[in-house]
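Participant: Got a structure for you, questions after.
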Amino acid sequence: MKKIALLAFAATVASPVSAFAFSPRPNVGNSAKTFNASPAINLNQFKTEKTSLTTSIALSSTGGAAAEAEDSGNSALVETLKTGSYFALWYLFNIGYNIYNKQALNALDYPWTIATIQMATGILYFVPLWLLGLRKAPKLSGDDLKTLLPIALCHTGVHVGAVIALGAGAVSFAHIVKASEPVVTCVVNALLLGEILPAKVYATLLPIIGGVAIASMKELSFTFLALAAAMLSNVSSSLRGVLSKKTMSGKKIGENLDAQNLYAVLTAMSTVLLIPMMLATEGTGFLKAFKDVVAGGSFTNKSLSTLLLLGGATYYLYNEVAFLALGKVNPVTHAVGNTIKRVVIIVASVIAFKTPMSTGSIIGSSIAIAGTLLYSLAMNSVKKSK
C-alpha cells in the first residue's frame, strides 16, 4: 500500500493542472532545414539539382508528417494509459479507505474522533507540497474564508455522516443509501435554487428510491443510525453543491485556488471545525479506548496507529486522484466510472468482511445503482440541450 501511495503522490505532484482543465497539449516541433546551393554549371545540372531539391523537400515533408502522426499516436497512448492509471488508483484507494476505515471503527467505536484524524491526515500531504513549491499555495483573505465557511461545514457533514454510517452498519449498506444522493440533490435544488428539471430526470429517481427501499427492508445489518447518518452525508453533499453555486459562481476567490487547492483548503477548514465537535461528542475517551485495544492484544501501538493513518491517507488520496481521473473524461464516462466504483466497493467490502447480503438486498442495490447511472446520463442530456 505504501508503494501505491508513493505512486499516487508522484502522479498528483506531476500533474499541477486544474481538475477542470485537463486538455492534452500536442507537442509539435517545427524544424527548418538549410540547403546549400552550389553554383550552376549548366542548365541540365541546374534542373537536376532543382529536381533533387524538390524531391528532398517532398520526402522531408512526408517524413515530418509521418513523424508528427507517430508522435500524436504516442501522445494519445500515453494519455490513455495515464487516465487508466488514475481510474485504477481512484478505485484502489477508495476500496482501501473503506476497508481501513471499517477496521478502525470495529476496533474503536469513536467515529467523530476517527473522522477528525482522517481529515487532519490530509494536511500532512498538501502542506509539504505548498512549502516545497511543488504546488502553488493558495492566497486567501478573511472575506474569502467567510465565503468558504458554509461550504466547509457541509464538507464536514459529508465526511462525518459517511464515517458514522460505515461504523453503524455494513459498508455495502452505507453505499447503497449513498446511491440515493441524486434524489436529495433534486429536492434541495428545487427548494433553494428553484430549479425544475424535465420529467425524464425525475423518472430516473423512481428506481433509486425503490431500490434503496427494497435494500433497506432486506438488509441483514440494517440500523436506523446507519440510514440516518448516510442520509446526513447525502444532504450535506447536496447542500455543498448548492452553496458552491450560489457563493462561488462567477466570483473570483483568492489566488491559486484550483480544484485541488480548493479541496485542500476545505480539508484544513473542516479539520478546525471537527476538533471542537469531536471533543463535545466524544471527549478524550478515544485515548483510553486506544490503550485498552492495545492491551487486549489485537493490535500494537504501531499497528493501530498505522491503521488510522492509512485510513486518513487513502481518504485524501482517493479524492485527490479522483480530480485527476474525472477531469480526463467526459461526463458520460464519469457517470459510468462512478457507478462501477460503487459496485466495486460493495463487492470488495462483502468479500473483505464476509458480510452476507440477502437476495432482496442484492436486487435492491442493483436497481438503485442502475437508477443512479440513468440519472447521471439524463442530467448530462439536459445540460447538452441547454
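Taken together, the values in this text are just the output of simple stated rules run on the coordinates, not laboratory data. Just so it is clear, the structure is predicted and the values come from calculations on it, not from any experiment. Here the Cβ positions follow ideal geometry from the backbone for every residue, glycine too, while neighbour counts run over all protein chains shown.
Participant: Using the Cα centre of segment 89-158 as the reference point, and only Cβ charges (+1 on K/R, -1 on D/E), how large is the resulting charge dipole? Debye, rounded to the nearest 20. Don't skip to the end; give the middle numbers.
Facilitator: On the way: 5 positive and 3 negative charges, 44 e Å.
The calculation lands at about 220 debye.
Participant: Cα centroids of segment 156-203 and segment 253-316: how far apart, whole angstrom?
Facilitator: That distance is 24 Å.
Participant: For the pair residue 383/residue 358, report the inter-label distance in nm, with labels modelled 7 Å from Cα in the Cβ direction.
Facilitator: Taking the simple label geometry, residue 383 and residue 358 are separated by 3.8 nm.
Participant: So which of 136/341; 136/328; 136/251 end up more than 25 Å apart, counting from Cα to Cα? The partial results should precede the final answer.
Facilitator: On the way: 136/341 31 Å; 136/328 21 Å; 136/251 20 Å.
Result: 136/341 exceed 25 Å.
Participant: What are the semi-axes of the equivalent ellipsoid for segment 237-386, taken as the square roots of 5 times the Cα gyration tensor eigenvalues, largest first, in whole Å? Could the numbers behind the result be given before it?
Facilitator: On the way: eigenvalues 228, 140, 43 Å².
Equivalent ellipsoid semi-axes, largest first: 34, 26, 15 Å.
Participant: Determine how many Å³ per residue the convex hull of the Cα atoms of segment 71-186 encloses. Can you show the working numbers first?
Facilitator: Working: hull volume 22.3 nm³, N = 116.
In segment 71-186, the Cα hull volume divided by residue count equals 192 Å³.
Participant: Output ³J(HN,Hα) for segment 222-234: one whole-Hz value per residue in order, computed from phi by the Karplus curve 6.51 cos²θ - 1.76 cosθ + 1.60 with θ = phi - 60°, and x for Gly and Pro.
Facilitator: Listing the rounded values in order: 5, 9, 5, 5, 4, 5, 5, 5, 5, 5, 4, 4, 5 Hz.
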